[in-house]
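Take a look at the structure set out below.
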Amino acid sequence: LTHRDILIDIIDKLKTGSIKCSSRRKTNKCIVCELAKEAEERYISVIIEYLDDEEFKRKFLASEGLCIPHYESLLAKMKSPPKWLVDFNIKRYKEILSRVDRYIDSCNFSLGDKRPILADNEKLIAKQVIRTLFGFEGNPK
């Protein structure tokens, strides 16, 4: 349920354009962490560079997109993101929220026979939510 509320909050912030980026890694002394951070920043810059490229856009729209921390980093480096990018992410996050709601309903015994029966992959929504909210590492900011 907590992840559901966080996801709702992020969707609302994306709709109003009020999402803010906070550094994923505040201070690191680890050289590997610093190199990873630099690589992430380069990849974000490359994505921004190709946002107007039709082939990139087509492939991006067919992908899983970015986790929220990387999407926030992307937004922080842009003056105004293209509408297609914002719409894609809002839609994606709403779809995940819908799957979370379906999972919650499947656990609600007060629904009786109206409880949805989930496929095995639908039961793993918590993993997808955590990857989406916190990135692959699963570390909150």
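The values are calculated or read from the model by the stated rules, or taken from the named source; none is laboratory data. Just so it is clear, the model here is predicted, and its values are computed rather than measured. A quick note on method: Cβ atoms are made from the backbone with ideal geometry, for glycine too, and the neighbour counts reach across all protein chains shown. Keep in mind that these areas ignore ligands, DNA and RNA; they rest on the heavy atoms of the full protein, side chains included. Shrake-Rupley method; radii C 1.70, N 1.55, O 1.52, S 1.80 Å.
Of Lys57/Lys83; Lys13/Lys91; Lys77/Lys127; Lys15/Lys91, which ones are farther than 18 Å apart at the Cα? Table pairs above 18 Å Cα-Cα are Lys77/Lys127. Across Phe109, Phe88, Phe56, mean-square fluctuation computed from a Gaussian network of the chain (C-alpha pairs under 10 Å connected) peaks at Phe109.
Of Gly135, Pro116, Ile6, which is farthest along the charge dipole of region 1-135 in the positive direction, counting Lys and Arg as +1 and Asp and Glu as -1 at C-beta? Comparing the listed Cα positions along the dipole, Ile6 ranks first. When the surface is traced with a 1.4 Å probe over the full set of protein chains, Ser110 keeps roughly 100 Å² accessible. Within the chain, the longest segment free of exposed loop sites, counting GluC sites (Glu not before Pro) that fall outside DSSP classes H, G, I, E and B and have at most 16 other Cβ atoms within 10 Å, spans 65-136. Only Cα pairs within less than 10 Å get springs; with that Gaussian network setup on the chain, which residue of Tyr50, Tyr93, Tyr71 has the largest fluctuation? Sorting by GNM fluctuation, first place goes to Tyr50.
Binning the alpha carbon pair distances of region 1-125 at 5 angstrom intervals from zero yields the distribution 2, 9, 17, 17, 16, 14, 12, 7, 4, 2, 1, 0, expressed in whole percent. Computed over the chain with a Gaussian network model linking Cα atoms closer than 10 Å, the most mobile of Ser45, Ser106, Ser63 is Ser63.
Principal axis analysis of the Cα atoms in region 89-141 yields extents of 39, 21, 18 Å, listed in decreasing size.
Considering only protein heavy atoms, what per residue accessible area in square angstrom results for the chain with a 1.4 angstrom probe? That works out to 67 Å² per residue. Taking the protein heavy atoms of the chain in the context of the full set of protein chains, the accessible area attributed to carbon and sulfur is 56 percent at 1.4 Å.
For the chain, the relative contact order comes to 34 percent (Cα pairs under 8 Å, sequence separation of at least 6). Axis angle, to the nearest 10 degrees, between helix 2-16 and the longest C-alpha principal axis of the chain: 50 degrees.
Ellipticity at 222 nm from helices only: DSSP H runs of n ≥ 4 in the chain, each -39500 (n - 2.57), divided by the residue count, give -20000 deg cm²/dmol.
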